[in-house]
1. Failed condition for GLU135, given (1) open to solvent by 30 Å² or more (accessible area, probe 1.4 Å); (2) outside any loop (DSSP other than H, G, I, E, B); (3) within 16 Å of ligand 1 (Cβ to nearest atom); (4) over 16 Å from VAL13 (Cβ atoms), with all others met?
2. Could you tell me how many of the residues in the stretch 90-129 are open to solvent by 70 Å² or more (accessible area, probe 1.4 Å), more than 20 Å from ASN63 (Cβ to Cβ) and away from ligand 2 (no atom under 12 Å from the Cβ)?
3. Among the residues of the stretch 31-44, count how many are open to solvent by less than 60 Å² (accessible area, probe 1.4 Å) and of a type in the set (Lys, Arg).
4. Looking only at the stretch 97-130, count how many residues are away from ligand 1 (no atom under 15 Å from the Cβ) and β-branched (Val, Ile, Thr).
5. Please enumerate the residues belonging to the stretch 45-83 that are in a loop (DSSP other than H, G, I, E, B), surrounded by fewer than 19 Cβ atoms within 10 Å (Cβ to Cβ) and not basic (Lys, Arg).
6. Against the condition over 19 Å from GLY40 (Cβ atoms) and surrounded by 13 or more Cβ atoms within 10 Å (Cβ to Cβ), how does LEU141 come out, does it pass?
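The values are calculated or read from the model by the stated rules, or taken from the named source; none is laboratory data. Everything quoted here is computed from the prediction, not taken from an experiment. As a convention, Cβ positions derive from the backbone with ideal geometry for all residues, glycine included, and neighbour counts pool all protein chains shown. Surface accessibility is based on the protein's heavy atoms, side chains included, excluding ligands, DNA and RNA. Shrake-Rupley method; radii C 1.70, N 1.55, O 1.52, S 1.80 Å.
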Amino acid sequence: MSDQPHGEVVLRVNGADQVLAVDNRVTLLDALREHLRLTGTKKGCDHGQCGACTVLLDGERANSCLLFAVAVDGRTVTTVEGLADGDELHPLQRAFIAHDAFQCGYCTPGQLCSAIGMLAEAAAPQDLDDAEISERMSGNLCRCGAYLGIVAAVREVAGG
Ligand code: FES
Ligand code: FES
């Protein structure tokens, strides 16, 4: 790979600026996992199909496997590692525990980031019913089938 074009990328990740020298073909997902060792963001399909790699990009949910790191130069990324406030879990993380919203946990980082982005997108999150939450979260697959708990946790945080 050493003869491949490299770019310098500056990302603000979980509140800290990170300067990376990466091959132009490196995805944001691999930059996070392999270069920054933020392995909370998971690689499932690596193809935009499962949502395991979801992060927040300038507050909006995005599949990090579909983005080149160089294409998001200068932007703000929040991963699952950045959701808690010190020892204080994010309310959605607490709700996931309370509602048993995971089994193996592989999809959970993506579910959390996606739900936080989804609630920010919704004009009136408290009005979302279970069907609409499921529809809006349909890009995040859970092979363990923890959907009932996921929807209940998201609904609780939405205030519905
Ligand atoms: Fe990105 Fe599946 S790993 S959508
Ligand atoms: Fe196992 Fe969702 S908890 S894939």
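1. Going through the list (1) open to solvent by 30 Å² or more (accessible area, probe 1.4 Å); (2) outside any loop (DSSP other than H, G, I, E, B); (3) within 16 Å of ligand 1 (Cβ to nearest atom); (4) over 16 Å from VAL13 (Cβ atoms), GLU135 breaks only (3).
2. Here the count works out to 7.
3. As a first pass, look at the stretch 31-44 and keep what is open to solvent by less than 60 Å² (accessible area, probe 1.4 Å): 31-33, 36, 38, 40-42, 44.
Okay, now just the ones that are also of a type in the set (Lys, Arg), so 33, 42.
Qualifying residue count, the stretch 31-44: 2.
4. Total meeting the criteria: 2.
5. CYS45, ASP46, HIS47, GLY48, GLN49, ASP58, GLY59, ASP73, GLY74
6. no
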